[in-house]
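Please find one structure pasted underneath; my questions will follow.
The values are calculated or read from the model by the stated rules, or taken from the named source; none is laboratory data. Given the structure is predicted, the values throughout are model-derived calculations rather than measurements. Because the Cβ atoms are built from the backbone with ideal geometry, glycine has one as well, and the counts that use them run over all protein chains shown.
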Amino acid sequence: MSSPAVAVKAPSARTVAHKFGGTSVADAERYRHVAQLLLAREEAVQVTVVSAMKGVTDALIDLARAAAAAPAGDAAGPAWRERWHELRARHRGAAVSLLGEHAGGAVEWLDQRFEELAQVLDAVGVIGSLPEEVLQRVQGLGEVYSARLLGEHLRALGEDCAVLDARDVLVVSHGELGVDVDWERSRQRLRDWRQANPQKRVVVTGFVARDPQDRITTLGRNGSDYSGAIFAALFDADELHIWTDVDGVLSADPRVVPEAVQLESLSYDEACELAYFGAKVVHPQTMSPAIERGLPIIIRNTFQPDHPGTRITAERDFSGPVKGLTLSPNLSLVNLEGTGLIGVPGTAERVFAALRNSKVSVVMISQGSSEHSICCVVKQEDAARAQATLVNAFAHELAAGQVQRVQHVPGISVLAAVGDGMAGQPGVAARLFESLGRAQVNIRAIAQGSSERNISVAIDSDQATLALRAAHAGFYLSPQTFAVGVIGPGNVGAALLDQLLAARGGLLERANLDLRLRAIASRGRQLLEPRGIEDDWRGRFATATDKVDLDRFAAHLLDSHLPHVVIVDCSASPEVAERYPQWLAAGIHVVTPNKQAGAGPLARYEAIREAAAASGARFRYEATVGAGLPVISTLRDLLDTGDAVTSIEGIFSGTLAWLFNKYDGSVPFSQLVTEARGLGYTEPDPRDDLSGTDVARKLVILAREAGRKLSLEDVQVESLVPESLRQASVDDFMARLPEVDAAFDARLKAARAAGKVLRYVARLDAEGRASVGLVELPEEHAFANLRLTDNIVQFTTRRYCANPLIVQGPGAGPEVTAAGVFADVLRIAAGRGARL
Ligand code: ADP
Ligand code: ASP
Ligand code: MG
């Protein structure tokens, strides 16, 4: 517009309407804050709509119900009296705190209002029921008190402001589609009121109004947002600011989805859908007066007044297919099922018409493409009526067997995904269903609005939180998120925790992968964190006093309802391995360098495999063989691509590799063992290495991976510890170790004579025979030319037959082992959609 009068109006001479919710006016301190915020804004006309103090509307409704339920005037006085006192005290307290020595008038005014309230409650007690009219009158009183408190406070600060009781001005009627404003009458009344109250700042009661019969009424729960929009329209405001306790509209309810993100802008349509499907941050009807006038609505945070908030306007931006996700709880599913419905036109209309006639509003309707059933989602309290209505409406078809049944399922929630960008973009629904499917959410019905701005699914309420979080992550509103628990923060575990926390930021940025470390357990203690541990895990774990309990550990990880859960077991404990089947069955991925599961009892191993196959959770244990080397994954790739393994051979022990690489007869064998022990290359008791059992375990793991039903007992193991030294203490063993030197010397000499070297080798042959032990190999053999502690694994397969496939490299050490474990976690994440 070009008229100079309008040009000077902006920006300081604007009319702006504000609405403060109950969360913004919970107590005196907050009223003070709101007043300061308002006074700091230079506006030509400032209209401020307020809600009741937080919780007051609920308290008033409770009072009215209590008065109706309890017989009046028993000896102790009416049951509501105590709560009435509390409520009055809360308001008086706020008045005194806000107004100090000037509080007298306000307190007196409040006392009168509360006396009137008590009289109403007494009357309700006498009639023993709560007429709707009385409920309407009582439930809106909080706004009347609240506007008065803010108005008086502003006046006490020297501002000339007027308090408008919306019951004197706003006329609405309750229609089928909600509350309709009688704009003409309301405008007329406001004009009259304004003549007597021309002040620049006006404080208005939210929520309350009059009906056409001049009875007091309200705009429905959370209706102050709507009041804000109505008064913005009545005052011809340029903008409506809705102040609340969050930074704007978020991609999901932040109480359910902690990682929800703030949305900079929304179209009216998007905001309408979000509000309709339960995003409590705006009331669904708020938009209509704004839309008609093209009035921008800005949702913003009272406690962060500098934050720009979310701007809701007519403009569309197609920044992503889905802007927000919501849940509406307390619904029921009503299902009409029958073969006789197939191909019969107009059935859905009949269902609608019947429900409409009995005043059941339908949240969502969906018809299977087979037309075999029609299912509607209705409010739980309407469900029985809806069912009865449909039984009645289809009585003829039920009797004739064309409709088999009309069922009703309570405990339903609807999850809705909303965004203008969805229209015409394929794959959005698929992404939603995939996320929900992975989280094992059972979808009962699906509907897509014909505007293609919304997809909604009906799910069981007890899966609602899980579903919302999974769907949220699925749309990259938050990244792929894993709840991670680490058991056994020893050498490997500690290295893994360090690596995990160091890599976190980068993975989040590059791969959109969010690994949230939520639990650590050692043999004695555990640390269960509600939010992720981002740094200093050592310090945090050092203060943990909680006794270890692996059931609670797993439950804690699952409770996060993050899309994925992984437990990393860095212990060497069989008891922990014992839990894998149950964890996998619960959908928890298990990653471990612990050989107990892979090489333990075959029955347990099979239970683990079965549980993983059934739930889709992954069991990965790459680091059990060759530490960080890609041994098992190489074997898997061979098998998965259709190759067949003929034999597997290798040197699987860094300790034994080192000993025999070094052993050339220049020093006795026992001396080398002592040296290796000194260098930290052996276990504290070197017999754990020399016995060959550990190598045998690794061979069992590979054999099983290759499909052989092998157990440790089936492996022929040559122990390098003579019978006579097996029972000795470690010190004794070390002292008596030279007893073995002569035998080793003889073997070395024999090998040398034949032009060969000695190596400790594991073998699985084509017939499935497994052995580990000391063998003679030609000097040019691959196993004869390793670097000190390197491991080597050689796969001979149908494809790699003349020239076997070899994996070789350092096969021990906490850092590389932890990296092998970490790589398993990342492989699982990649399989779950992380962009690695
Ligand atoms: P007020 O008292 O200001 O009206 P409400 O409690 O009615 O506040 O609404 C604000 C609350 O709405 C927020 O604290 C938040 O928990 C909840 N909420 C639900 N869904 C959303 C969403 N998508 N974005 C922001 N807040 C949401
Ligand atoms: N106080 C009313 C309620 O709690 C209205 C509102 O706050 O929006 O429903
Ligand atoms: Mg609200």
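Could you look through the stretch 204-243, keep only residues that are within 15 Å of ligand 3 (Cβ to nearest atom) and assigned to a loop (DSSP other than H, G, I, E, B), and pick out the one that is surrounded by the most Cβ atoms within 10 Å (Cβ to Cβ)?
Among those that are within 15 Å of ligand 3 (Cβ to nearest atom) and assigned to a loop (DSSP other than H, G, I, E, B), it is G206.
Can I ask one more? Since P305 meets every condition but one in (1) closer than 29 Å to A399 by Cβ; (2) within 16 Å of ligand 1 (Cβ to nearest atom), which condition does it not meet?
So P305 meets the others, but not (1).
Each row is one residue, and each column tells you yes or no for (1) in a helix (DSSP H, G or I); (2) over 22 Å from D694 (Cβ atoms); (3) touching a residue at least 40 places away in the same chain (Cβ under 8 Å).
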{"site": "Q596", "(1), (2), (3)": "yes, no, no"}
{"site": "E606", "(1), (2), (3)": "yes, yes, no"}
{"site": "E610", "(1), (2), (3)": "yes, yes, no"}
{"site": "A614", "(1), (2), (3)": "yes, yes, no"}
{"site": "L638", "(1), (2), (3)": "yes, yes, yes"}
{"site": "S670", "(1), (2), (3)": "yes, no, yes"}
{"site": "T674", "(1), (2), (3)": "yes, no, yes"}
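Quick one: in the stretch 807-831, of everything that is aliphatic (A, V, I, L, M) and under 18 Å from R516 (Cβ atoms), which residue is nearest to the chain's Cα centre (by Cα)?
Going through the stretch 807-831, the residues aliphatic (A, V, I, L, M) turn out to be 807, 812, 816, 818-819, 821, 823, 825-826, 828-830.
Those left that are additionally under 18 Å from R516 (Cβ atoms): 821, 825-826, 828-830.
Details: V821: 25, V825: 20, L826: 20, I828: 19, A829: 16, A830: 19 Å.
That would be A829.
Also: Which condition breaks for V172 when tested against (1) more than 21 Å from Q285 (Cα to Cα); (2) outside any helix (DSSP H, G or I); (3) not acidic (D, E)?
Failed condition: (1).
A further question on this structure: With surrounded by fewer than 16 Cβ atoms within 10 Å (Cβ to Cβ), more than 17 Å from F231 (Cα to Cα) and under 46 Å from the mean Cα position of the chain (by Cα) as the only criterion, which of E132, E101 stands out?
Details: E101 fails: under 46 Å from the mean Cα position of the chain (by Cα).
Exactly one of E132, E101 is surrounded by fewer than 16 Cβ atoms within 10 Å (Cβ to Cβ), more than 17 Å from F231 (Cα to Cα) and under 46 Å from the mean Cα position of the chain (by Cα), namely E132.
Has the stretch 683-696 got any residue that is of a type outside the set (D, E, K, R), part of a loop (DSSP other than H, G, I, E, B) and touching a Leu at 6+ places or on another chain (Cβ under 8 Å)? Spell out the reasoning first.
Residues of the stretch 683-696 of a type outside the set (D, E, K, R): 684, 686, 690-693, 695-696.
Right, trim to part of a loop (DSSP other than H, G, I, E, B) and you get 684, 686, 691-692.
Going one step further and asking which of them are touching a Leu at 6+ places or on another chain (Cβ under 8 Å), we end up with 691-692.
Within the stretch 683-696 (the criterion being of a type outside the set (D, E, K, R), part of a loop (DSSP other than H, G, I, E, B) and touching a Leu at 6+ places or on another chain (Cβ under 8 Å)), the answer is yes, since at least one residue qualifies.
Which numbered condition in (1) more than 11 Å from ligand 3 (Cβ to nearest atom); (2) assigned to a helix (DSSP H, G or I); (3) not β-branched (V, I, T) is the only one that D247 fails?
It is condition (2) that D247 fails.
Further, regarding this structure: Given the conditions (1) within 12 Å of ligand 1 (Cβ to nearest atom); (2) in contact (Cβ under 8 Å) with a residue 12 or more places away in the chain, report the number of the one that P254 does not fulfil.
P254 satisfies all of (1) within 12 Å of ligand 1 (Cβ to nearest atom); (2) in contact (Cβ under 8 Å) with a residue 12 or more places away in the chain except (2).
Would you check if there is a residue in the stretch 244-262 being closer than 25 Å to Y31 by Cα, surrounded by 19 or more Cβ atoms within 10 Å (Cβ to Cβ) and within 12 Å of ligand 2 (Cβ to nearest atom)?
Yes; the residues of the stretch 244-262 include at least one that is closer than 25 Å to Y31 by Cα, surrounded by 19 or more Cβ atoms within 10 Å (Cβ to Cβ) and within 12 Å of ligand 2 (Cβ to nearest atom).
Which condition from (1) within 16 Å of ligand 2 (Cβ to nearest atom); (2) without any contact (Cβ under 8 Å) to a residue 24 or more places away in the chain; (3) over 24 Å from R32 (Cα atoms) is the one that A64 breaks?
Only one criterion is unmet by A64, namely (2).
Can you tell me which residue among Q195, Q199 is without any contact (Cβ under 8 Å) to a residue 60 or more places away in the chain, more than 12 Å from ligand 2 (Cβ to nearest atom) and under 20 Å from L37 (Cα atoms)?
Details: Q195 fails: under 20 Å from L37 (Cα atoms).
Result of the check over Q195, Q199: Q199.
Same structure, new question: Can you name the residue in the stretch 360-396 that is out of contact with any Ser or Thr (no Cβ under 8 Å at 6 or more places or on another chain) and at pLDDT below 90 and, of all such residues, is farthest from V344 (Cα to Cα)?
That would be S361.
Out of the residues in the stretch 697-732 meeting the condition of being assigned to a helix (DSSP H, G or I), surrounded by fewer than 16 Cβ atoms within 10 Å (Cβ to Cβ) and not aliphatic (A, V, I, L, M), tell me which one is farthest from the chain's Cα centre (by Cα).
Residues of the stretch 697-732 that are assigned to a helix (DSSP H, G or I), as a first pass: 697-705, 712-714, 723-725, 730-732.
Next, from what is left, pick out any that are surrounded by fewer than 16 Cβ atoms within 10 Å (Cβ to Cβ): 713, 723-724, 730-732.
Narrowing the set further to residues that are not aliphatic (A, V, I, L, M) leaves 713, 723-724, 731-732.
Working: E713: 45, E723: 57, S724: 59, D731: 54, D732: 57 Å.
If we take residues in the stretch 697-732 being assigned to a helix (DSSP H, G or I), surrounded by fewer than 16 Cβ atoms within 10 Å (Cβ to Cβ) and not aliphatic (A, V, I, L, M), then S724 is farthest from the chain's Cα centre (by Cα).
Among the candidates D58, D111, which residue alone is acidic (D, E), at pLDDT 95 or above and within 16 Å of ligand 1 (Cβ to nearest atom)? Talk me through it step by step, then tell me what you get.
Numbers: D111 fails: within 16 Å of ligand 1 (Cβ to nearest atom).
Unique residue meeting the criteria: D58.
Does any residue of the stretch 194-203 turn out to be modelled with pLDDT under 95, in a loop (DSSP other than H, G, I, E, B) and more than 16 Å from ligand 3 (Cβ to nearest atom)?
Taking the stretch 194-203 first, the residues modelled with pLDDT under 95 are none.
Checked against the condition, which is being modelled with pLDDT under 95, in a loop (DSSP other than H, G, I, E, B) and more than 16 Å from ligand 3 (Cβ to nearest atom), the stretch 194-203 yields no hits at all.
Among D559, D549, D536, D569, which is acidic (D, E) and buried (at least 21 other Cβ atoms within 10 Å of the Cβ)? Working first, answer last.
Working: D559 fails: buried (at least 21 other Cβ atoms within 10 Å of the Cβ); D549 fails: buried (at least 21 other Cβ atoms within 10 Å of the Cβ); D536 fails: buried (at least 21 other Cβ atoms within 10 Å of the Cβ).
Being acidic (D, E) and buried (at least 21 other Cβ atoms within 10 Å of the Cβ) holds for just one of D559, D549, D536, D569, which is D569.
Follow-up. If G654 meets every condition in (1) over 22 Å from K595 (Cβ atoms); (2) at pLDDT below 95; (3) touching a strand residue (DSSP E or B) at 6+ places or on another chain (Cβ under 8 Å) apart from one, which number is that one?
With respect to (1) over 22 Å from K595 (Cβ atoms); (2) at pLDDT below 95; (3) touching a strand residue (DSSP E or B) at 6+ places or on another chain (Cβ under 8 Å), G654 is out only on (1).
Here is a follow-up. Across the stretch 309-336, what is the total count of residues that are more than 23 Å from V256 (Cα to Cα) and in a loop (DSSP other than H, G, I, E, B)?
Adding up the residues that qualify gives 6.
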